[in-house]
Amino acid sequence: RELFSAGDAVTVSGCTRHPENNKTPIIREIGGDGHELRFYENVFELDTGADEKPRDYTEPGTVTIARTLPDMDFICVNDNRLWGCKGDHIYCSKLGDPRNFNVFDGLGTDSFQVDAGSAGDFTACASFLGYPCFFKADRICKMYGDLPSNFQLMGSATLGVAPGSHGSLAVAGETLFYLSPAGMVSWSGGIPSPIGACFGEQRFSEGMAGSDGLKYYISMKDQDGRCHLFVYDSQRGTWHREDETQVAGWACLGGTLYMLKENGEIWRVSGDVSEHEAAEGPVPWHVEFNDFTEGSLDAKGYGKLLIRMELEAGSRAWVELKYDSEDRWRRVFTELTAVRKRTFLLPVIPRRADHCRLRLAGTGGCVVYSIAREFYGGSENKTVRL
């Protein structure tokens, strides 16, 4: 009784006297204190006597009875069913019973199987917006319906999940994000939208992602095999690089996101630090802005910068400039350490340039509220290089 239950579909194998009894019938009752499995009449072939009436018989060898599961590469849970896929085939468990994938009684609780009938193998699956969704590298398939009798698979040729990045699927801000063969995309149920323009021509692989509900975290490798941990803010539409952490898995429990690092360490990504946990130390950071051209093709000179910002206690920050795409950064000021919110006036050594780039860097917590710069115009041939 502990091994099987009434309603289980079991696979019978090892029958040699009547090989036709090697099949997958459904258990209807369990009796004899758990030692008898009862099936519908005429499920099995029996011996017949001279009167051609069926008689019990004993198989000479070993007969195996097992409740088997299909071999699946990717699985997800949707509407109290376990869904999975392998190759071009999709499997669905019996309603409320993830142990049974071979129950076909003609009922609404039955298992379900289907071939997608499209080229290529599935690379991932996920439950999204109430539907089980299955992904290939160049195709997304969505299963409609609520009963095996009306299940219908609909597919569209579009950016799917890159092979090896099945772990990149995660929902943040009611949007599904994942790593496609063309880069990072967001999907709301229609056509996927690319969101990786900031990465340029760089391509990533082996994405492993998690979400706290609003922010999307993904660890992935670049073309040189180096690992990067990125964060996408679904509210602001911005990407940030955290560090080179390689993540083996993510889990969200009670609204708190945890990550399992490749070295076996477990880190809590969101939420408050408890008395049993140690907070991460001050984190080095920097933010680099795009070129400032001030909308003019002429040279221009900068006289000062004004930055309104607030630093946590013990934090520090500094400001650097780069002119005309030169190789090195020039520090504008020594260090900024004020705790309260205030505006810093930073004088800049005047020099003319076609364009200028700004970088803020520091260690520890910092909030930047606004940045203003003072410049004066010049002519197109007054750029000075030092």
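Could you grab the Rg to Rh ratio for the range 303-371? Cα atoms only, Kirkwood for Rh.
For the range 303-371, the value is 0.99.
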Accessible-area value, THR48, 1.4 Å probe, nucleic acids and ligands omitted, Å²: 90 Å²
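Given contacts defined as C-alpha pairs under 8 Å and at least six residues apart, what's the relative contact order of the range 61-210, whole-number percent?
On the way: 325 pairs, mean separation 21.7, N = 150.
Contact order relative to length: 14 percent.
Can you work out the accessible area per residue across the chain, with the rest of the protein chains kept in place, probe 1.4 Å, in square angstrom? Intermediate values should be presented prior to the final figure.
On the way: 21760 Å² over 386 residues.
Here the per-residue accessible area is 56 Å².
Rounded to the nearest 0.05, what FRET efficiency do VAL231 and HIS286 have when you use their Cβ-Cβ distance and R0 = 22 Å? Don't skip to the answer; put the middle values down first.
Numbers: r = 15 Å, r/R0 = 0.69.
Efficiency, from the Cβ-Cβ distance: 0.90.
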Whole-angstrom gap from the range 45-80 to the range 342-362, using each part's C-alpha centre: 78 Å
Alpha-carbon gyration tensor eigenvalues x 5, square-rooted, for the range 90-193, Å: 26, 14, 12
Extension gain, GLN223 back to ARG28 (0.36 nm per residue minus Cα-Cα distance, nm): 64.6 nm
Compactness relative to 2.2 N^0.38 Å, alpha carbon Rg of the range 159-262: 0.97
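Expressed in nm to one decimal, what extension gain is obtained for the pair ARG342 and SER5 from 0.36 nm per residue of sequence separation less their Cα-Cα distance? It would help to have the intermediate numbers written out before the result.
Details: separation 337, 0.36 × 337 = 121.32 nm, distance 7.00 nm.
Full-extension gain reported as 114.3 nm.
Rounded to the nearest 0.05, what FRET efficiency do LYS261 and ARG55 give with R0 = 56 Å and r taken as the Cβ-Cβ distance? Could you check? Walk me through the intermediate numbers first.
Working: r = 64 Å, r/R0 = 1.15.
The formula returns an efficiency of 0.30 here.
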Close Lys-Lys pairs in the range 14-140, where close means Cα under 28 Å and separation is 8 or more or interchain: 6
Rg ratio (alpha-carbon, reference 2.2 N^0.38 Å) - the range 149-206: 1.24
For the range 227-243, 3J(HN,Hα) per residue [Karplus equation, 6.51 cos²θ - 1.76 cosθ + 1.60, θ = phi - 60°, Hz, x = Gly/Pro]: 8, 9, 10, 10, 10, 10, 8, 5, 7, 10, x, 10, 9, 9, 9, 7, 6
Share of carbon and sulfur in the accessible heavy-atom surface of the range 220-322 [1.4 Å probe, %]: 47 percent
Range of Cα positions in the range 1-120 per principal axis (Å), largest first: 55, 34, 26
Pair SER149, ASP105: separation of 7 Å Cα→Cβ label points (nm): 1.5 nm
The range 180-222-the range 104-173 distance, computed between alpha-carbon centres (Å): 19 Å
Net length gained if the chain between ALA66 and ASP79 were fully extended (0.36 nm per residue, minus Cα distance): 2.0 nm
Distant-in-sequence amide H partners of ASP8 (H built 1.01 Å from N, under 5 Å): ILE27
Förster radius 30 Å - calculated FRET efficiency between ARG308 and HIS240 (Cβ-Cβ, nearest 0.05): 0.90
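I'd like to compare 87-99, 173-185, 295-307: which one has the highest average count of other Cβ atoms within 10 Å, and what's the full order after that?
173-185, 87-99, 295-307
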Solvent-accessible area, 1.4 Å probe, carbon plus sulfur percent, for the range 65-204: 53 percent
Straight-distance crosslink candidates among aspartates and glutamates, where the alpha carbon sits under 12 Å from LYS322 and sequence neighbours closer than 8 are dropped: GLU288, ASP291, ASP354
Solvent accessible area, Å² - HIS166, 1.4 Å probe, full protein context: 90 Å²
D_trans [Stokes-Einstein, Kirkwood Rh over alpha-carbon pairs] for the chain, 4 °C, 1.567 mPa s, µm² s⁻¹: 49 µm²/s
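The values are calculated or read from the model by the stated rules, or taken from the named source; none is laboratory data. Bear in mind the structure is a predicted one, so any value in this text is a computation, not a measurement. Note that we place each Cβ from the backbone using ideal geometry, even for glycine, and neighbour counts take in every protein chain shown. The accessibility values were calculated without ligands, DNA or RNA, using every heavy atom of the protein model including side chains. Shrake-Rupley method; radii C 1.70, N 1.55, O 1.52, S 1.80 Å.
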